[in-house]
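A short write-up of the structure that comes next.
The values are calculated or read from the model by the stated rules, or taken from the named source; none is laboratory data. A quick note: this is a predicted structure, and the numbers were derived from the prediction, not measured. So basically every Cβ, Gly included, is an ideal-geometry build from the backbone, and we count neighbours across all protein chains shown.
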Amino acid sequence: MNMVWAMTGAASGLVTGAALRGPVYRLSVPTGSPDRSACERCSAPLRRWPGICCRRCGGSLGTPAVLEVTTAVVLALVLGRFADQPDAAAFAFLGAVGVPLAVIDVAVQRLPDRLTLTAIPALTLLLAGAAITSSKTGPLIRSLLCGLVFAATFLLLALIRPGQLGGGDIKLAALLGVALGWLGWPTLLAGAAIGFILGGVGGLALLAMRRTTMQGQIAFGPFLLGGALIAMLASGIPVK
C-alpha cells in the first residue's frame, strides 16, 4: 500500500463524492420514473448541478457524508494498491462510478443505464490507454472477453431464475468483468465468488432482521461491487 497515493485518493474521493451528490440524488428514483427534478422536502426545483443541499430549504441531498466518505475510502484503497501503475486511472474511475451505483441500488434497487452503459466504454478506453502505455495488448483482449463472459453468465442466470437479477445487474457484470479481466481470470472468478458470498450473507442478515422475505428481492449490485473491490485489492498477479 502506497500511503502517498492512498492519501491522494482519499482527498480526491472527498471532492468526487461531493460532486456526485447531486447526480445521485437525481437518479435515486424507481425504474421507469423520471429523474428527480425537485427537492423532496420543499419541492424547490433543483439546479442543473444541484450541489450537496437544496438552495431553498438547505436540506441535504441524500444522506450527509455517505458519498464523500465512501468514495474517499474506496479511492484511497484503490490508488494505494495500484499506485503509479498504468492502470491506476482505470481502477480509480471504476471506484468513482461504483460508489454511486451501490448507493442508488441500495436506495431504489436500480442500476441506472446512464452510469453503467457510459462507464463500460469509458473504462475500456482507460484500459486501452494502459495497454498502449505498457505495450501489452494481451490484458486488454482478455479484459473484453471477461466482460462478455461475465455478462453472458448473468444473462443466463436471469433467464433461469426470472426476477432475481435485472438488466442493471447484467450491465454491471459486463463493467466489472472488463475491470477484473484485466487482472486475470483468477481475479474475475474470485470477485464473482466473493460477490455471491457477500450477497448470500447479506440476504440472510436481511431475513433475520425481517427487512425482506424469501420471495423479496435485494439489491445485489453493492455485493457484486464489494466482491470486485476485494478481489482487485487482493490481486497480486502481475498483468501479462
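Restricting to segment 45-58, name every residue that is surrounded by 15 or more Cβ atoms within 10 Å (Cβ to Cβ) and at pLDDT 80 or above.
Hits for segment 45-58 are Leu46, Ile52, Cys53.
Restricting the search to segment 186-200, which residues are among the β-branched types (Val, Ile, Thr), buried (at least 19 other Cβ atoms within 10 Å of the Cβ) and more than 13 Å from Phe150 (Cβ to Cβ)?
Selection gives Ile194 alone.
When only residues in segment 1-27 that are among the hydroxyl-bearing types (Ser, Thr, Tyr) and touching a helix residue (DSSP H, G or I) at 6+ places or on another chain (Cβ under 8 Å) count, which is nearest to Arg55 (Cα to Cα)?
Per the stated criteria, the residue is Thr16.
Condition test on Ser134, is it in contact with a Pro (Cβ under 7 Å, 6 or more places away or on another chain) and of a type in the set (S, T, N, Q)?
The answer is yes for Ser134.
Could you list, in sequence order, all residues of segment 126-137 that are free of Cβ contacts under 8 Å to residues at least 60 places away in the same chain and surrounded by fewer than 18 Cβ atoms within 10 Å (Cβ to Cβ)?
Ala128, Gly129, Ile132, Thr133, Ser135, Thr137
Can you name the residue in segment 1-21 that is among the small types (Gly, Ala, Ser) and crowded, with 20+ Cβ neighbours inside 10 Å and is also nearest to Ala83 (Cα to Cα) among such residues?
My answer is Gly9.
Working carefully through the options Leu175, Leu204, find the one that is of a type outside the set (Val, Ile, Thr) and modelled with pLDDT under 95.
Leu204
Sort through Arg114, Arg81, Arg110 and tell me the only one that's in contact (Cβ under 8 Å) with a residue 60 or more places away in the chain and more than 17 Å from Asp169 (Cα to Cα).
Among Arg114, Arg81, Arg110, only Arg81 is in contact (Cβ under 8 Å) with a residue 60 or more places away in the chain and more than 17 Å from Asp169 (Cα to Cα).
In segment 98-107, which residues are surrounded by 20 or more Cβ atoms within 10 Å (Cβ to Cβ) and either of a type in the set (A, V, I, L, M, F, W, C) or closer than 18 Å to Ser134 by Cβ (or both)?
Val99, Leu101, Ala102, Val103, Ile104
Among (1) over 17 Å from the mean Cα position of the chain (by Cα); (2) on the phi > 0 side of the Ramachandran plot; (3) surrounded by 15 or more Cβ atoms within 10 Å (Cβ to Cβ), there is one condition Leu140 misses while meeting the rest; what is its number?
With respect to (1) over 17 Å from the mean Cα position of the chain (by Cα); (2) on the phi > 0 side of the Ramachandran plot; (3) surrounded by 15 or more Cβ atoms within 10 Å (Cβ to Cβ), Leu140 is out only on (2).
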